[in-house]
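Just below is one structure, and these are the notes that go with it.
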Amino acid sequence: MRTLKVALLGCGVVGTEVARYLTLHQDDLTARIGAPVELVGIAVRRADRLRPGVPEELVGTDAAALVARGDLDVVIEAIGGIEPTDELIRSAIAHGASVVSANKALIAARGAALHLAAREAGVDLFYEAAVGGAIPLLRPLRESLAGDRVNRVLGIVNGTTNFILDKMDSTGDEYEVALKEATALGYAEADPTADVEGHDAAAKAAILAGLAFNTRVTADQVFVQGITGVSAADMASARAAGSVVKLLAICERGGDGESATVRVHPAMIPLDHPLASVRGADNAVLVEAEAAGRLMFHGPGAGGAPTASSVLGDLVTACRNRLAGTAGPGDTVYRALTVRPMAEVVTGRHVDLDVQDEPGVLAAVAAVLAEHGVSVDTLRQHRGPAGTSLVVVTHRAADAALTTAVEAVAALPQVRAVNSTMRVEGR
Ligand code: HSE
């Protein structure tokens, strides 16, 4: 029986757990695959760092030489980033290895070219770990739902920002305070930009939309707004309205059959919405399909061991395919849907206004909204210590119309300030 040879690129939080489980569960993995699997090399940037549970004799710094050995069955990429990772993966594929990656940024940016290279070489390219950590999500979209028509994917796909928003919601803290706690607990990176500005979620949304709608979406086509502008006032206003603020990734198929919209932004969702109860650093994704209805995938979306679970699942499949002399499903793209801009997305808006308590205010606000073709869904007025608040939730309308309408309302002489304004989903 031949032994399957595996190399690992990167031995950080994820790579260390992959190496550990590969060693720990070698017998089970061998039984499941049908042949022994051997970790033959680990490429790292700094060989002097201690990595508990990782076989030291396998660690080296020459990643380029490792992927070019020519006898590898699978290369696991847990480095992240686009360069030099792209080059290493291409070299691995060119030298005949299947690739398992956890790299959302790379797949979202260069997925088409990498899939093509893998197809031409007759090898697998799998990346379940790139979206939703441990949650089986890409395989269900690619395989289990391949006979259905997915119309919408709506989810929380970034654990760091969900942790921060959850903290702000439960403590009333401002964003900066919650971010500090997320950093102290190791959720947020030293440079949290990719998470808090929404770019991490945007890359994941691009991958989800591509798989869901069989089209190509790159991260730069995704509308992105992060959470740095979310305030304690937004949280309080959401709570008073029976809602909670979440950073959502939303992929929708257009009704015309020719288009899609893909966006990442904070939104208020009602407390009884399935995503409202997703706490801490968890991820959860709702998939709406024509025949299946609504499916919910929920679990740990980040962290070494959960992400390693997805990597190892892909590894087993890639190894089984090697033994069978085949490759699994490759690129799923056969459509070229137009990705429409945010201005055209149909959504709702929550507007919390600090107003003068005098006759005619309600009428003035309603008139301005009507002028812009925006219809009021609910309207609530309450008097607090800081004055009178008027909270309007609109019916769904084009995002550009809602933005213009809110600007016009804010400019009314009776409106002293806008306490909070945010998109609304899931009503
Ligand atoms: N930084 C990501 C998150 C984890 O916070 O969800 C890796 O995708």
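The values are calculated or read from the model by the stated rules, or taken from the named source; none is laboratory data. Nothing here was measured: the structure is a model prediction, and the numbers come from that model. Here the Cβ is made from the backbone with ideal geometry for all residues, glycine too, and neighbour counts use every protein chain on show. Note: accessible area is taken over every heavy atom of the protein model, side chains too, but ligands, DNA and RNA are not part of it. Shrake-Rupley method; radii C 1.70, N 1.55, O 1.52, S 1.80 Å.
Things worth noting here:
- Residues in the stretch 371-427 that are in contact with a helix residue (DSSP H, G or I) (Cβ under 9 Å, 6 or more places away or on another chain), in a loop (DSSP other than H, G, I, E, B), surrounded by fewer than 16 Cβ atoms within 10 Å (Cβ to Cβ) and not hydroxyl-bearing (Ser, Thr, Tyr): GLY373, ALA411, PRO413.
Each row is one residue, and each column tells you yes or no for (1) more than 12 Å from the ligand (Cβ to nearest atom); (2) crowded, with 23+ Cβ neighbours inside 10 Å; (3) in a helix (DSSP H, G or I).
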position: ASP166; (1), (2), (3): yes, no, yes
position: SER170; (1), (2), (3): yes, no, yes
position: GLU176; (1), (2), (3): yes, no, yes
position: LEU179; (1), (2), (3): yes, yes, yes
position: GLU189; (1), (2), (3): no, no, no
position: ALA194; (1), (2), (3): no, no, yes
position: ASP200; (1), (2), (3): no, yes, yes
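- Taking the listed residues GLY255, GLY226, GLY313, the one that is farther than 19 Å from TYR175 by Cβ and either touching a helix residue (DSSP H, G or I) at 6+ places or on another chain (Cβ under 8 Å) or of a type in the set (A, V, I, L, M, F, W, C) (or both) is GLY313, with no other qualifying.
- Test: residue in the stretch 313-325 that is open to solvent by 30 Å² or more (accessible area, probe 1.4 Å) and outside any helix (DSSP H, G or I): yes
- Single unsatisfied condition, VAL230 versus (1) within 19 Å of GLU425 (Cβ to Cβ); (2) surrounded by fewer than 20 Cβ atoms within 10 Å (Cβ to Cβ): (2)
- Every condition in (1) in contact with a helix residue (DSSP H, G or I) (Cβ under 7 Å, 6 or more places away or on another chain); (2) within 16 Å of the ligand (Cβ to nearest atom); (3) of a type outside the set (Phe, Trp, Tyr); (4) not in a helix (DSSP H, G or I) holds for VAL153 except the one numbered (2).
- Contacts under 8 angstrom Cβ, first residue in the stretch 73-101 being farther than 19 Å from VAL13 by Cα and touching a residue at least 12 places away in the same chain (Cβ under 8 Å), partner open to solvent by 10 Å² or more (accessible area, probe 1.4 Å) and among the polar types (S, T, N, Q), 6 or more apart: SER98/ASN321
- Total residues in the stretch 278-306 satisfying the condition of being touching a Leu at 6+ places or on another chain (Cβ under 8 Å) and more than 16 Å from the ligand (Cβ to nearest atom): the figure is 8.
- First in the stretch 116-131 and among the hydroxyl-bearing types (Ser, Thr, Tyr), second anywhere and assigned to a strand (DSSP E or B) and open to solvent by 20 Å² or more (accessible area, probe 1.4 Å), Cβ under 8 Å, 6 or more apart: none
- Residue list for the stretch 300-312, restricted to those being aliphatic (A, V, I, L, M) and open to solvent by 20 Å² or more (accessible area, probe 1.4 Å): ALA302, ALA305, LEU312
- Of all the numbered requirements in (1) surrounded by fewer than 24 Cβ atoms within 10 Å (Cβ to Cβ); (2) assigned to a strand (DSSP E or B), PRO140 misses one, and that requirement is (2).
- For the stretch 93-134, the set of residues classified as part of a helix (DSSP H, G or I), touching a Leu at 6+ places or on another chain (Cβ under 7 Å) and more than 16 Å from the ligand (Cβ to nearest atom) consists of LEU114, HIS115, ALA118, listed by residue number.
- Breaking point among (1) buried (at least 22 other Cβ atoms within 10 Å of the Cβ); (2) more than 24 Å from MET268 (Cβ to Cβ); (3) more than 16 Å from the ligand (Cβ to nearest atom), for GLN221: (1)
- From VAL75, VAL37, VAL44, VAL54, residue being within 16 Å of CYS319 (Cα to Cα) and in contact with a Cys (Cβ under 7 Å, 6 or more places away or on another chain): VAL37
- Helices (runs of 4 or more DSSP H) wholly inside the stretch 1-91 that include at least 3 residues being of a type outside the set (Lys, Arg) and closer than 23 Å to LEU106 by Cβ: 13-24, 63-67
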